[in-house]
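Data block below; observations after.
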Ligand code: ASP
């Protein structure tokens, strides 16, 4: 599967680049993408999204219920939180240091600057700003995490303009259900727990069926992006794109490898080999939530992490631990400040760091989830929110890269918690052989 998805990805990229250079302006190509290729990619994505809500609910509630007692839950929760906070902070520090050293927002030629400024007034930029304007105060955001109506949060979880708690609120509801299940053990609750297990199995099966479409779906998704984008816009913003990509690579292969080797005590190379399918799925879907089912399966089957730890850490992490997104947000805010010639005071820079760390927790795990959050951070430090238009053209590509880092970070967290829970007993990597 791993290899077939990779082939799909490569075909998508090459065919996309070819079509972009040969027929970029052709209406036929646009028609084909809009009516055939992109919808086919969407079929694959939508089947996965269809399964995400029941999966998140059942995986998290079961994960918590199976932990057995609430003290254990507290310990695992704390370990997950501390680990994620540290790697997210490192990620933001890497991004911000790079953007301060390279200063990609300065030194653009006048022609390029004018071309980019034109994007500030586009309707897409304005829509993102409007969406951000609907955001609530911090107190409201926190209150919304406790859902008044979890069904409403589940129903609107993927709606762009929804300002309720969404997926995070649904997770809180699942946590409550899991804790209550662990506390009341009776014949009747056993029936409910078995129902959740059945739901989990059914949903995983649906995903398995959807994944048969993955190589084709991935090819179509990537083709649609590349054929329309091409390389021009990436070259235009070359330094900025390079800073984000190098930062993400340092986090992925530097920070994670060090954590794997010295904290988790396992081989980084073997780790990356075993999670190949997750990396490819994250890269091509640009969505941590859509990658969750694959991450859950691969982490259990190929890394030997127990279902209760994977169910808890990965499910929460798919929304609340996004290291790549945090790095991207820090870099983008400072880049746009440089672009508009706004010098940020040290206090404002600290605000950007803190806001980026928080953004890693609050960003929805869907394509482009971080854009409204960036607008909020931009406005809070006095940079025009519409500036987001400057980077919209390259966002999809960067989204693919940061989502990969987000999901990989979640898996290292799950492996870390598993090792700590088993007191570093056998190496989870060496006790399982990867599934074919
Ligand atoms: N697409 C990212 C994810 O799902 C979120 C974002 O940074 O836009 O992890």
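Taking the alpha carbon gyration tensor of the stretch 175-271, multiplying each eigenvalue by 5 and rooting it gives semi-axes of 41, 25, 14 Å, largest first. Between the stretch 350-383 and the stretch 324-338, how far is it from one alpha carbon centroid to the other, in angstrom? For the stretch 350-383 versus the stretch 324-338, the Cα centre distance is 9 Å.
Ordered from longest to shortest, the equivalent ellipsoid semi-axes for the stretch 161-224 are 33, 20, 6 Å, each the square root of 5 times a Cα gyration tensor eigenvalue. The angle separating the long axis of helix 38-67 from the principal Cα axis of greatest extent in the chain is about 40 degrees.
More than 21 angstrom separation, counting every C-alpha pair in the stretch 1-144; what % is that? Before the final figure, lay out the partial values.
On the way: 8004 of 10296 pairs.
Pairs farther apart than 21 Å: 78 percent.
Among 143, 292, 199, the largest mean-square fluctuation in a Gaussian network model of the chain, built with springs joining Cα atoms closer than 10 Å, belongs to 143.
Extents of the stretch 299-368, taken as max minus min of Cα coordinates on every principal axis and listed largest first, are 50, 22, 18 Å.
Once the Cα atoms are used to define both axes, helix 276-285 deviates from the longest principal axis of the chain by about 50 degrees. Taking every alpha-carbon pair under 8 Å whose residues sit at least 6 apart, the chain reaches a relative contact order of 30 percent. Inverting the pair-averaged 1/r between distinct Cα atoms of the stretch 200-319 gives 16.3 Å as its Kirkwood hydrodynamic radius.
Dividing the convex hull volume of the alpha carbon atoms of the stretch 7-60 by its residue count gives 95 Å³ per residue.
The residues 291, 163, when put in order of fewest to most other Cβ atoms within 10 Å, stand as 163, 291. Set against the 2.2 N^0.38 Å expectation for a compact globular protein, the stretch 254-371 has a Cα radius of gyration ratio of 1.23. Normalised by residue number, the volume inside the convex hull of the Cα atoms of the stretch 303-436 is 119 Å³ per residue. Evaluated at 20 °C with a viscosity of 1.002 mPa s, what Stokes-Einstein diffusion coefficient in µm²/s does the stretch 90-221 have when Rh comes from the Kirkwood expression over alpha-carbon pairs? For these conditions, the coefficient is 106 µm²/s. The per residue volume of the convex hull around the alpha-carbon atoms of the chain is 139 Å³.
Centre-to-centre, using Cα atoms only, the stretch 87-138 and the stretch 268-282 are separated by 30 Å.
Helix 346-362 and the long axis of the chain differ in direction by around 50°, with both axes built from C-alpha atoms.
Distance from the Cα centroid of the stretch 139-180 to that of the stretch 229-265 is 32 Å (rounded to whole angstrom).
Every read-out reported here was derived from the displayed coordinates using simple, explicitly stated rules and does not represent laboratory data. Bear in mind the structure is a predicted one, so any value in this text is a computation, not a measurement. Cβ atoms come from the backbone with ideal geometry, glycine included; neighbour counts cover every protein chain shown.
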